[in-house]
1. Scan the stretch B:196-243 residue by residue and report those that are in contact with a Lys or Arg (Cβ under 8 Å, 6 or more places away or on another chain) and among the hydroxyl-bearing types (Ser, Thr, Tyr).
2. Is one or more of the residues making up the stretch B:455-467 under 16 Å from B:Ala553 (Cα atoms), open to solvent by 10 Å² or more (accessible area, probe 1.4 Å), in contact with a Lys or Arg (Cβ under 9 Å, 6 or more places away or on another chain) and not hydrophobic (A, V, I, L, M, F, W, C)?
3. Can you list the helices (runs of 4 or more DSSP H) lying wholly within the stretch A:497-588 that have 3 or more residues being farther than 30 Å from B:Pro6 by Cα and in contact (Cβ under 8 Å) with a residue 60 or more places away in the chain?
4. Could you check the stretch A:134-165 and list, in sequence order, the residues that are within 14 Å of another protein chain (Cβ to nearest Cβ) and not polar (S, T, N, Q)?
5. Would a scan of the stretch A:433-451 turn up a residue that is away from chain B (no Cβ under 12 Å) and part of a helix (DSSP H, G or I)?
6. Go through (1) more than 20 Å from the chain's Cα centre (by Cα); (2) more than 7 Å from chain B (Cβ to nearest Cβ); (3) within 28 Å of A:Glu321 (Cα to Cα) and name the single condition A:Val377 misses.
7. In the stretch A:549-563, what residues are facing chain B (nearest Cβ under 7 Å) and closer than 21 Å to A:Tyr519 by Cβ?
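The values are calculated or read from the model by the stated rules, or taken from the named source; none is laboratory data. In this text the structure is predicted, and so the values were computed from the model without any measurement. Cβ coordinates were reconstructed from backbone atoms using ideal geometry, including for glycine residues, and neighbour counts include every protein chain displayed. Please note that ligands, DNA and RNA were not included when accessible areas were found on the heavy atoms of the full protein model with its side chains. Shrake-Rupley method; radii C 1.70, N 1.55, O 1.52, S 1.80 Å.
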Protein chains: 2
Amino acid sequence: MTYRAPVAEMLFTLDHAAGLARARSEGLYGDIDTETVAAVIEQAGAFATDIIAPLNRVGDREGARFSDGAVTTAPGYAQAYRTWSAAGWNAVSAEEAHGGQALPTAVWALTSELWAQGSMAFGLCPLLTHGGIECLERHGSDEIKRIYLPKLVAGEWTATMNLTEPQAGTDLALLRTRAERADDGSYRIKGQKIFITYGEHDMAENILHLVLARLPNAPEGVRGISLFLVPKRLIEEGGELGARNDLVCAGIEHKLGIHGSPTCTMVFGEGEGAIGYLVGEENRGLACMFTMMNNARLAVGLQGVAIAERATQAALAYAHERRQGRSGGSLSPSPIVAHPDVRRMLMTMRALTAAARGICYRAAVELDRANRATDDVERKAAHERASLLIPIAKAFSTDIGCEVASLGLQVHGGMGYVEETGAAQHLRDARIAPIYEGTNGVQAIDLATRKLAQSDGASAEEVLASIEETISRLRATGPALGDSAARLAEAKAALGRATAFMREAANDQAAILAGATPYLRLFGLTLGGAALAENALAAMGSNQDGGAYVALARFHAENLLGGTEGLARAVISGAASLGEAADAALAL
Amino acid sequence: MTYRAPVAEMLFTLDHAAGLARARSEGLYGDIDTETVAAVIEQAGAFATDIIAPLNRVGDREGARFSDGAVTTAPGYAQAYRTWSAAGWNAVSAEEAHGGQALPTAVWALTSELWAQGSMAFGLCPLLTHGGIECLERHGSDEIKRIYLPKLVAGEWTATMNLTEPQAGTDLALLRTRAERADDGSYRIKGQKIFITYGEHDMAENILHLVLARLPNAPEGVRGISLFLVPKRLIEEGGELGARNDLVCAGIEHKLGIHGSPTCTMVFGEGEGAIGYLVGEENRGLACMFTMMNNARLAVGLQGVAIAERATQAALAYAHERRQGRSGGSLSPSPIVAHPDVRRMLMTMRALTAAARGICYRAAVELDRANRATDDVERKAAHERASLLIPIAKAFSTDIGCEVASLGLQVHGGMGYVEETGAAQHLRDARIAPIYEGTNGVQAIDLATRKLAQSDGASAEEVLASIEETISRLRATGPALGDSAARLAEAKAALGRATAFMREAANDQAAILAGATPYLRLFGLTLGGAALAENALAAMGSNQDGGAYVALARFHAENLLGGTEGLARAVISGAASLGEAADAALAL
């Protein structure tokens, strides 16, 4: 294993591609200075490199084991988790009232990426707990906050999200889990949930399940869903752990990857009913879930970036070590990094990883702006920009996570197909991220419908205008960036045309849905190109050696942006070939 | 499992996209009539569906097991193999002199795809034997042919290819296995080979290893490599099986996929040396291997098509069954095949699969033409066209095999990530095909250097001209094909520009190597579009319901050909950003 947390590149990208430096100069981050942020990320990087990364292979090989309702995580997981939470990492972004450090979302985002770099399967547990903290901070009653939040923030207890049921995946309107009011103000939950990440494990003494369920006589569909806190172990008056609640893990899935992360089937209320406490209002459960969505989707996008980073580091190391063929008149076999087709794979990996990272971090900075800006109008605008960027951050990053992991396997040749090398695990792990936390199809539809329509399209216009600004600055540079300005301008023009089409087609649902996926890809490639260009421009303007940033921006523009025109066409003409015309080809 | 061999679509594609109907009308296939071909493929399809396909999951789950030098294949494999060879399937394309049926390469290609559809891991064993038969037919001495070929053709013995060593993968110049002349005219082989597919197993009573090795004082590099036949069990005077040869399987790999296919480390000559018999001339071993290459690469390309077919069938079946969300005002949940973004995934899968199949079959028909045409000039031209198409057939088809399998997993949502569903196995199995039998990078370089240069570019011109002809016919059709003609014409123009660039850059090795991979992709997409168009034109001209062929051609042209302009740019400008400019980004 050659992995090292790429702290310098992450911080540089946060400052430049994501605009943290500018936001800080505008006073958005108060007294949190560069050194503080750098120190936190450096420590997190060291933890990811030294403590978490060594668990990645054993987690894959041994996996989580299920026996008689109990789940045993892979050797080393429980100890590492306790070390991690004892070091305060779970508390990074939580409110100070419950023991949190209240650091910005941008800082949390980078730490979240780092845990996933170390081991995606390990990092999933804190990710779910983070969602639980956020949910209870915003929607929990004072009593719930008092009892549960300090334990969650300290990492002594973990949290889960219980949404999916066998018949209800993307379509939560179909869920059937029931909740009934009890005399003491609590509820009794009965039903089965599947695909519950870390639904059961041995890393913490209690697990808080956030469960979506229906009350009797609730309205049909998504307006009849309520959210409940259902602890694995009940809490006694004095705060001590009490009896087991009426819920059980009935089994774990045998998955393609993230073997270290137990994916549980949870059965609630086989007896009298699991005791649950309402979070938020009755029938408003989905709205409570939605408030967590931006951060959760951003974190999953960063899983894509994280796996891409690991895969790229491994492929680069192998390409420097493995010698085959002779390049450029060499007398002895050359390291394969010298061969142009291998360089193309590696540069594609590097560029897509950096582009996706820039998009994710930019979304994080916008989320901070939405929370921290003093001006209401600016807060709303920033929230909408963040909301526009989130589906791109999630879907583009997780798609390229798979693509980069696949390229990394290819760079290793036959060795990549052998599990011991580790390249295959990256592909297996990465492949879940385009599916969970809203499939990438759902992200594309969210972008093309709700997000484009925000404030009559203003947030999309603002993001497009920012890309135009980057292009103007690119045009003023010398030859080092090659045709980057022209290529990015063409990409932005294609994105502009596709955006106009989507806006104008607002009443033609079929056209929007048919074009959504290529539209998101087009947006991601273009936005990613702008992010790489911002890094390159900053590197050229500083005294440090900016060669890598310049190289990535140029490669991306000249080699990967060429597809944007075709994507715009697919957006605009997609519906014609996907409607009834396709029926004959899609028949069984 | 819902798999059924798509015999009708395969035969239609062979006739039209691949041009078999025209070749037959020219007399190329002698007295082999349509009915004979259809009957063979229907029987093979039934065998693949009924006997092989049920082994696919058990092969993955149980895999091949290694113990003390022996390999036990998954339950059912050995029995199915014996049934398969007893039915004569191994003899399809072999010469009649050794018990073969001497059917055309095109027929063999379809049967080969069918075995891989049933189970890629199972189909690999016959694939290797086929290579052995071809090699011995062309290069074996009369004695070797007499002793070994009838057993191979009958499928009683199987064959392997022993090329790779730990330090010598793509670069065979580095191989170290030694061969020494013995007094009796045979040779003694010593060395270690890795990644030997079916190097040891329990499906046949003997295994014939074809081994590349160096004689003492052989020239360095690839001109000092000889080829030897090294049987697992030696053959006695009367033809009976004799003693074990001095070779052993030292272990099998733990791989991402194709678990049913044992990938062996073979150790030759730990004692006195394994007894081997020279095949072809001394130091001409690589040339012998090259004669097998076209068929082997075509067959691997067809593995990509086969996995894509399986993945597509599974995804389509799931999309018709799974209900989530409401489409077009439906009052109850709709099958997800009704949702435009799911339709886009499924149509992409169908179109890419059909396009790659068309390319592979066309290469097969050209191989037949190269063998069967009466005119020497035409035979040479056909051989060169086939040689041009083969790297595209191999690399494009295996790349899309992975892409389609990944989309298939996505269509299944969370269920796709659970191994029991089977979608994940397709992705794991498919992922080897871009690596073995010459990595797809090697294919691209072969296309961009040797193949484009054939007869001063004549074969490339001929293929481009054939695409132009398809476009002319498309232009004369009505509106059912939408913008297909215009889109295919643009793609062909981009391919033409990229081809001209590659030809003109013949002395600029760096430019050619940097552009090779996007060039192959560009060629594949365009050629695949022409293949789909040929099928659509034939379907529109016939009385049968051609709706599916029309839909696929149109979808491909309007949605997937848009990227060709960008690929041409990457070809032409790739070197600028991949040379020294990339060094900083590729440093460790």
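1. Residue satisfying the conditions is B:Ser226 alone.
2. no
3. A:509-541, A:547-555, A:564-578
4. Matches in the stretch A:134-165: A:Met161, A:Leu163, A:Glu165.
5. yes
6. A:Val377 satisfies all of (1) more than 20 Å from the chain's Cα centre (by Cα); (2) more than 7 Å from chain B (Cβ to nearest Cβ); (3) within 28 Å of A:Glu321 (Cα to Cα) except (3).
7. Across the stretch A:549-563, the qualifying residues are A:Gly562, A:Gly563.
Okay, residues lined up against (1) touching an Asp or Glu at 6+ places or on another chain (Cβ under 9 Å); (2) under 27 Å from B:Leu407 (Cα atoms); (3) free of Cβ contacts under 8 Å to residues at least 40 places away in the same chain:
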{"site": "B:His259", "(1), (2), (3)": "yes, yes, no"}
{"site": "B:Met266", "(1), (2), (3)": "yes, no, no"}
{"site": "B:Leu298", "(1), (2), (3)": "no, yes, no"}
{"site": "B:Ala308", "(1), (2), (3)": "yes, yes, no"}
{"site": "B:Ala314", "(1), (2), (3)": "no, yes, no"}
{"site": "B:Ala319", "(1), (2), (3)": "no, yes, no"}
